[in-house]
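Student: My questions will all concern the structure given below.
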Amino acid sequence: MKRSWLTISAHIAGWLFFFSLVAGFVNGTGQDAWPGMLFSKSFLGFSLLYLLLFYLNTFVLIPFIYLRGKYILYALVSVGLLAAIMYFKPFDRLMTINRNERADMPGPPPGQMPGPPPPQWENKPGPQMPPRNQPPQNGRPGKTDIVSTILFLAVWSLGLAICIIRQWRITEKKMLQAEADRANAELSFLKAQINPHFLFNTLNNIYSLAVTGSEHTALSVMKLSNIMRYLTDDVRADFVWLEDELDFLRDYIDLQKLRLGANTEVRLINAGEVAGKRIAPLILVAFVENVFKYGVSKQQPSVITITIEVKNDRLFFHTDNPLFPDKKEQVSTGIGIENTRQRLQHLYQQQYTLSVGEQNGRFVVDLELPVPGSLA
């Protein structure tokens, strides 16, 4: 509603400015004729003509002819209306009627102050002035009404420009909406890929504990229950509380540690204030999953380091694990890392940095991203 009123107000202001310029040009120096001229039939008819031309073009010809691809028909109609304007010469007619009306007004002619009569000069041959009520010669058929033509082109071009800009905005809005829908659909698909992949590995771990009769089986089931509740209830949103995400991550790491032997050491380091911060869900777990998948060996000792630090609304995430020769090729083709890259691009765009690669025989991940206190 507010936008409609703004549009109407803009139209009214534009037309008032347009017709004030025309009225000022027609009135000339006759300031005393302003009120009568503004409300005269001739000026009101002239104004109505250009109003009709503008809105006919804006709401009829452009939507139903031009925007439907009938460009030749639109051009023919435009040329025809221009020819009619050039033939009927509305501005010349307005000037002629206005001069006649001012000439018929009582008192001295416009622009002449009362006073003694001018001196009489001897009649000599030369150009003679037209009689008082005779129409001026600028209304004769042979002369082109330049002002009417310019006004028509201005009004016609303005209507065309307004409609083209409006159509361009509608098209741009549709493109942005389509892009947003595509991104949301792709993001939902990526989430659906992550969840079954993670649950499959976790269930395998708990199955191994149950087969061996481990006393940690019940605790593992409880942690898995917490993880599943988190996955089904919280990760539907694009952003979750960082505190909840880290609780989920600790449960996941605890489940992984239960299946590890004495040769593997896991170092989890947390630092910084995490309360009130937000993060995209399931971003960090993809890298932690790779740590346990590719950085653990039954024959060789390994040290796994996972560091999570928050500074000034920025999260610094770091993982470091040994890279064993038999698993080196599998790391670069992991579906979890590739999906996480795509999610980071969708959700954080240029606000994050990610470094993944091998350093001195170890696989290192460094991720920095914003963790604001709100979704703004």
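Student: Using R₀ = 25 Å, calculate the FRET efficiency as 1/(1 + (r/R₀)^6) where r is the Cβ-Cβ separation of Gln342 and Phe316; round to 0.05. Please report the intermediate quantities before stating the final value.
Tutor: Working: r = 22 Å, r/R0 = 0.86.
Calculated value: 0.70.
Student: Using the Cα centre of region 214-370 as the reference point, and only Cβ charges (+1 on K/R, -1 on D/E), how large is the resulting charge dipole? Debye, rounded to the nearest 20. Don't skip to the end; give the middle numbers.
Tutor: Working: 18 positive and 22 negative charges, 61 e Å.
Around 300 debye, computed over region 214-370.
Student: For the cross-link pairs Lys257/Lys293; Lys223/Lys277; Lys223/Lys298; Lys277/Lys311; Lys257/Lys277; Lys70/Lys174, which exceed 21 Å when the distance is taken from alpha carbon to alpha carbon?
Tutor: Values: Lys257/Lys293 12 Å; Lys223/Lys277 23 Å; Lys223/Lys298 25 Å; Lys277/Lys311 11 Å; Lys257/Lys277 27 Å; Lys70/Lys174 23 Å.
In this structure, Lys223/Lys277; Lys223/Lys298; Lys257/Lys277; Lys70/Lys174 exceed 21 Å between Cα atoms.
Student: Which order do peptides 157-164, 355-362, 169-176 fall in by mean Cβ count within 10 Å, highest first? Write down the numbers at each step before the final one.
Tutor: Values: 157-164: 14.8, 355-362: 11.9, 169-176: 10.0.
The densest-packed peptide leads the list: 157-164, 355-362, 169-176.
Student: A further question follows. Within region 218-258, report the trypsin sites (Lys or Arg not before Pro) that DSSP leaves as loop and that have at most 16 other Cβ atoms within 10 Å.
Tutor: Numbers: sites: Lys223, Arg229, Arg236, Arg250, Lys257; in loops: Arg236.
Hits after loop and neighbour filter: Arg236.
Student: Taking 7 Å along the Cα-to-C-beta vector as the label spot, tell me the Glu172-Ala271 distance in nanometres, rounded to one decimal.
Tutor: Here the modelled spin labels are 4.6 nm apart.
Student: Would you mind putting 300-310, 284-294 in packing order, based on average other-beta-carbon counts within 10 Å, highest first?
Tutor: Packing proxy ranking, top to bottom: 284-294, 300-310.
Student: Now a separate question. Using the count of nearby Cβ atoms within 10 Å as a rough guide to exposure, how do Tyr74, Tyr207, Tyr50 rank from fewest to most? Numbers along the way, then the final one.
Tutor: Numbers: Tyr74 19, Tyr207 11, Tyr50 22.
Fewest to most other Cβ atoms nearby, the residues stand as Tyr207, Tyr74, Tyr50.
Student: Suppose a student asked you for the relative contact order of region 214-370, using Cα pairs under 8 Å spaced at least 6 residues apart; what percent would you report?
Tutor: Working: 226 pairs, mean separation 32.3, N = 157.
Relative contact order here is 21 percent.
Every number here is computed from the coordinates shown, using simple stated rules; none is lab data. Predicted model, so just to flag it, every value in this text is computed and none were measured. Cβ: placed from backbone, ideal geometry, glycine included. Neighbour counts: every protein chain shown.
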